[in-house]
Amino acid sequence: MIALRIEFLAGKFHANPWDRGTHEGEVEWPPSPWRMLRAITAGWHRNGAADRDALLRVLDALGEPPVYYLPHAMAGHSRHYVPLGGLKSGKPEKTLMLDSFLALESDKECVATAYVAWPHAALAAQERAVLERACTAIGYLGRAESWCAITVVDAPEERDGIAVVDLASRTDGAGPIARRLVAGPELRGTGLLRSLSETTGAMRRARRLVPPGTVWIGYRLPADYLMVREQYAAREHDPVSFGPTILRFTVERTASSVLPPVTQAVSIAEVMRRAAMRRYSDLSGGTATTRLAGKSDEGSARREGHDHPFYLPIDSHESGRVDRIDVWFPQGCTHAEYRAVTSIDALRDRFAFDGELALTYLGSVEAPRGRIWTTATPVVLDRFPKVRGVEGHRHVVDAPDEQLHAMIERRIDESCDIELWPQTETVPRPGSHGTRLDAFRRARRGERPTHPVVGATLRFEHEVRGPIVLGRLAHFGLGQFAPVG
């Protein structure tokens, strides 16, 4: 076993997750395996970059996901008004920035200590010496305010108040699951060192959120992570104040942006979801509810009942651009959730779109109705269609129309005739050839598009009430159907 003892000298940890901005108030705890490897690589460079071959063997040995031994932590933040905008009344316009951090519990020696351990790693004497020299040059972890001292030890110290955090695939529990960045199984040797040495500025210029060759893994956090259980339970029992409702917003471009294409519906929906969660936190002083976050109590995807909101970017003018966003609460929402969503007046994200989009809340609207519905954004299937059987008796399992029938019965409990579109069919748009189904982004940020997409026309025996949204990314704008006429 190889372990690193991390002493946080100021008792605080500052670092944002790799795919999140500084204004979102999130802290990457525990620090991702990729962050640990980058810190070791940076320390090696500061010490003169000697014994390169030994460092490569160290990085390969520590490339596997580690186990964390963490002290209790509580979330906090400080607020700063930074002059990032233009001039207003002759003075620089200031933007509110949240500097989020974790206050870590100290041990008997008044030092906040965490451990990162690789149970199956083993290093030779030369390799361990290279790792020790690199760790002596690490003065902070994450943000510069996270002063720390890192030493190499044989094993972590297990004591009261230390929580063991391991991969969700290797542990059971009721705590939330946190995504963390790790080197992919094929990223080793010189390629791993090159990727670890890439600067943040180079990644920004390449418009990449994550380094090449990395993958996301899930860590199971403690059930009482960062919150008092009584406070956590109280917010989940707020009564539903509004029944099933659709909240409509118009989207307008600003001087620094243009309306994003409808093919980026997933990205726009993700930004809208984060904005809703952030507004809830700003207004209530706590974390967003599990319904608003789309998570279950233990942090996994919220599937039972599908009561969490659908964020639906819409091209209402058929121009190929998102000019409207509907937020659909299929089973209603609390007053606090309603207030948080309706108070959103802008979306900001430098990757989904350049600059800022202005939002205007129009109010609650009636649900659409119709007998014939046609694809507005492609449906991402749950499974790949497969051919089974022997020669002469082959049949298709999980065919697209079979999966669509199952989705419709689950969501609206109605039967209908399904006319699948050819893969060459496009979402119609006046004055153009339309938009291809495979042109739509069909994966969330940090994920790879793996599942197929289809388009279809649905014909019901009688008029049904919408919205009709189906498929894997239904809560993020894909799988939308529009009533004909």
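The values are calculated or read from the model by the stated rules, or taken from the named source; none is laboratory data. In this text the structure is predicted, and so the values were computed from the model without any measurement. No Cβ is skipped: glycine too gets one built from the backbone with ideal geometry, and neighbour counts run over all protein chains shown. When the accessible area is computed, the model is the full protein with side chains, heavy atoms only, and any ligands, DNA or RNA have been set aside. Shrake-Rupley method; radii C 1.70, N 1.55, O 1.52, S 1.80 Å.
Taken together, Arg436, Arg459 contain a single residue that is farther than 23 Å from Arg248 by Cα, touching a Lys or Arg at 6+ places or on another chain (Cβ under 9 Å), open to solvent by 80 Å² or more (accessible area, probe 1.4 Å) and at pLDDT 90 or above, which is Arg459.
Of the residues Arg273, Arg350, the single one that is at pLDDT below 90 and within 20 Å of the chain's Cα centre (by Cα) is Arg350.
Does any residue of region 438-461 turn out to be among the aromatic types (Phe, Trp, Tyr), in a loop (DSSP other than H, G, I, E, B), touching a Gly at 6+ places or on another chain (Cβ under 8 Å) and in contact (Cβ under 8 Å) with a residue 24 or more places away in the chain? For region 438-461, residues among the aromatic types (Phe, Trp, Tyr), in a loop (DSSP other than H, G, I, E, B), touching a Gly at 6+ places or on another chain (Cβ under 8 Å) and in contact (Cβ under 8 Å) with a residue 24 or more places away in the chain: absent. Note on region 440-456: residues that are farther than 16 Å from Ile314 by Cβ and open to solvent by less than 20 Å² (accessible area, probe 1.4 Å) total 5.
Being on the phi < 0 side of the Ramachandran plot and either in contact with a helix residue (DSSP H, G or I) (Cβ under 6 Å, 6 or more places away or on another chain) or not in a helix (DSSP H, G or I) (or both) is a description that does not apply to Glu132. Annotation note: of Ala112, Ala168, Ala144, the sole residue that is modelled with pLDDT under 90 and open to solvent by less than 20 Å² (accessible area, probe 1.4 Å) is Ala112.
Considering only residues in region 158-182 that are of a type in the set (Lys, Arg) and touching a residue at least 12 places away in the same chain (Cβ under 8 Å), the one that is nearest to Ala3 (Cα to Cα) turns out to be Arg159.
Would you check which residues across region 353-386 are charged (D, E, K, R) and over 25 Å from the mean Cα position of the chain (by Cα) and list them? Matches in region 353-386: Glu366, Arg369, Arg371, Lys386.
A quick yes/no check of all residues on (1) under 30 Å from Leu437 (Cα atoms); (2) in a strand (DSSP E or B); (3) at pLDDT below 85; (4) among the charged types (D, E, K, R):
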{"residue": "Arg235", "(1), (2), (3), (4)": "no, no, yes, yes"}
{"residue": "Val240", "(1), (2), (3), (4)": "no, no, yes, no"}
{"residue": "Thr263", "(1), (2), (3), (4)": "yes, no, no, no"}
{"residue": "Ala269", "(1), (2), (3), (4)": "yes, no, no, no"}
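Within region 289-315, residues that are over 20 Å from Asp326 (Cβ atoms) sit with their Cβ atoms under 6 Å from residues that are at pLDDT below 80 and crowded, with 21+ Cβ neighbours inside 10 Å, at 6+ positions apart or across chains, in these pairs: Gly299/Pro176. If you go through region 375-408 and keep only what is open to solvent by less than 90 Å² (accessible area, probe 1.4 Å), touching a residue at least 60 places away in the same chain (Cβ under 8 Å) and touching a Pro at 6+ places or on another chain (Cβ under 8 Å), you end up with Val380, Leu381, Pro385. Taking Ala155, is it open to solvent by 50 Å² or more (accessible area, probe 1.4 Å), within 19 Å of Ile2 (Cα to Cα) and not in a helix (DSSP H, G or I)? Judged against the criteria, Ala155 is a match. Taken over region 328-343, the criterion of being modelled with pLDDT of 90 or more, hydrophobic (A, V, I, L, M, F, W, C) and open to solvent by 10 Å² or more (accessible area, probe 1.4 Å) is satisfied by Trp328 alone. There is at least one residue in region 60-69 that is open to solvent by less than 40 Å² (accessible area, probe 1.4 Å), in a strand (DSSP E or B) and over 19 Å from Gly11 (Cβ atoms). The set of residues in region 335-363 that are touching a helix residue (DSSP H, G or I) at 6+ places or on another chain (Cβ under 9 Å), in a strand (DSSP E or B) and hydroxyl-bearing (Ser, Thr, Tyr) contains only Tyr361.
Taking the listed residues Thr136, Thr199, the one that is of a type outside the set (A, V, I, L, M) and free of Cβ contacts under 8 Å to residues at least 60 places away in the same chain is Thr199, with no other qualifying. Filtering region 185-212 to residues that are surrounded by fewer than 15 Cβ atoms within 10 Å (Cβ to Cβ) and either touching a strand residue (DSSP E or B) at 6+ places or on another chain (Cβ under 6 Å) or more than 26 Å from Asp51 (Cα to Cα) (or both) leaves Gly201, Arg204, Arg205, Ala206, Arg207, Arg208, Leu209.
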